[in-house]
Amino acid sequence: MILLDNGNTRRASDPTANSRGQVWTIDEQTMTATLVLNADLGSYAGAVGAAQRLSNGNYAFTLGITGPEPPRPPAHLIEVMPDGTKVFELMVNKTEYRSYRVRTLYEGIDDVLAGNPRTVESVVVNDGSAQRSMVRSITVTFDGAAVLDPSAIELRRQDGTLIDARMSILLVNGKTVAVLTFAGTEFVGGSLADGSYTLTVLANRVHDRWGRELDGDGDGAAGGDRVDGFHRLFGDSDGDGDVDSLDREQFRAAYRTPVADAGYLWYFDGDGDGDVDGHDNGQFNRRFGRS
């Protein structure tokens, strides 16, 4: 939710209070609202205005008047970055009911010059290897620069439980890369627990520079989520969904090796303590023959 807080009630108790540009995330399931942006716009407008998300990921707020009513100029159109830093201000010697930024007057409605909307180029579990004995990271790479809203990527267990993953966002060679990792006491060895998982990249929370939604389903049009499924089963060294004799051969070769040993395989170090030891062997044996 993007809004202009004129600040009338604050102004009543503080004559120096300014209007604010705010962005909130709303969770209807938990009935909570989280303030993401609270930008002091440097002036006060007692009425009229607008709030807008821009295609570059910034926000624009209109202060349609200066001071309390009756309306009087100038009006201000202010652009701020997601951290609240002001980067642009246009003042007009008129009052404005609303104003909105547009990227161009010449492209029409089909975004011909913009090309296709953004897509997900790849979803990689760990380093891309087949093993699913440990799952410590998931890397989502887009085919170019993308703007991700909060909770743009969801990871859920088979029963629908949402996983509290830690996400970092990078720009690598012009492409946005989101990396999910797992920290906290519920993640042993920094890995997801055994089970089946679904990763969903929500199209309406990922946008390109033009503000268009992600083409998550790859049909060439904006909209449609990207959905990937995978599993984690400790001991499954080849990712075939079970722990069998082939996995046992691999485990035996790595057994009793410390992290500095050339034969050490990190995905058999279930507790992440730097070696493949008796505790890891016990966990492997409990899963042997399972799928």
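Think of each Lys and Arg Cβ as +1 and each Asp and Glu Cβ as -1; about the Cα centre, that makes the dipole of segment 23-137 roughly 80 debye. Would you mind computing Rg(Cα) / (2.2 N^0.38 Å) for segment 134-176, counting N as its residues? Scaled against compact globular proteins, the figure is 1.33. Just want the answer: with Cβ charges of +1 for Lys and Arg and -1 for Asp and Glu, which residue in Ser13, Leu170, Gly272 is farthest toward the dipole's positive end in the chain? Selected residue: Ser13.
Given the chain, report the % of alpha carbon pairs whose separation exceeds 32 Å. Can you show the working numbers first?
Numbers: 18950 of 42195 pairs.
Across the chain, Cα pairs with separations above 32 Å total 45 percent.
Surface composition of segment 108-231: carbon and sulfur atoms hold 48% of the protein heavy-atom accessible area at a 1.4 Å probe.
Based on Cα contacts under 8 Å between residues 6+ apart, segment 175-240 shows a relative contact order of 28 percent.
For segment 52-107, the relative contact order is 32 percent, taking Cα pairs closer than 8 Å that sit 6 or more residues apart in sequence and dividing their mean separation by the residue count. The distance from the alpha carbon centre of segment 161-187 to that of segment 1-61 is 28 Å, rounded to a whole number.
Among Pro70, Pro82, Pro150, the largest mean-square fluctuation in a Gaussian network model of the chain, built with springs joining Cα atoms closer than 10 Å, belongs to Pro70. Mean projection of the Cα convex hull over all viewing directions, computed for segment 146-291: 10.9 nm².
Applying 1/(1 + (r/R0)^6) with R0 = 41 Å to the Cβ-Cβ distance of Asp273 and Leu35, what FRET efficiency is obtained, to the nearest 0.05? The value I calculate is 0.55. Candidates Gly115, Tyr197, Gly211 compared by Cα position along the dipole of the chain: farthest toward the positive end lies Gly211, with charges placed on Cβ. Using a probe of 1.4 angstrom and keeping all protein chains present, the accessible surface of segment 225-291 works out to 53 square angstrom per residue.
When only Cα pairs under 8 Å and 6 or more residues apart are kept, what is the percent relative contact order across segment 1-129? Relative contact order of segment 1-129: 17 percent. Average 1/r across all pairs of distinct alpha carbons in segment 214-291, invert it, and you get the Kirkwood radius: 14.2 Å. Shown here: segment 1-154, whose C-alpha atoms stretch 68, 42, 26 Å along the first, second and third principal axes, sorted largest to smallest.
The values are calculated or read from the model by the stated rules, or taken from the named source; none is laboratory data. Please read these numbers as outputs of a predicted model, since none were measured by experiment. Glycine also receives a Cβ, built like all others from the backbone with ideal geometry; neighbour counts cover every protein chain displayed. For the accessible areas, the whole protein counts, side chains as well, though only heavy atoms, and no ligand, DNA or RNA atoms are used. Shrake-Rupley method; radii C 1.70, N 1.55, O 1.52, S 1.80 Å.
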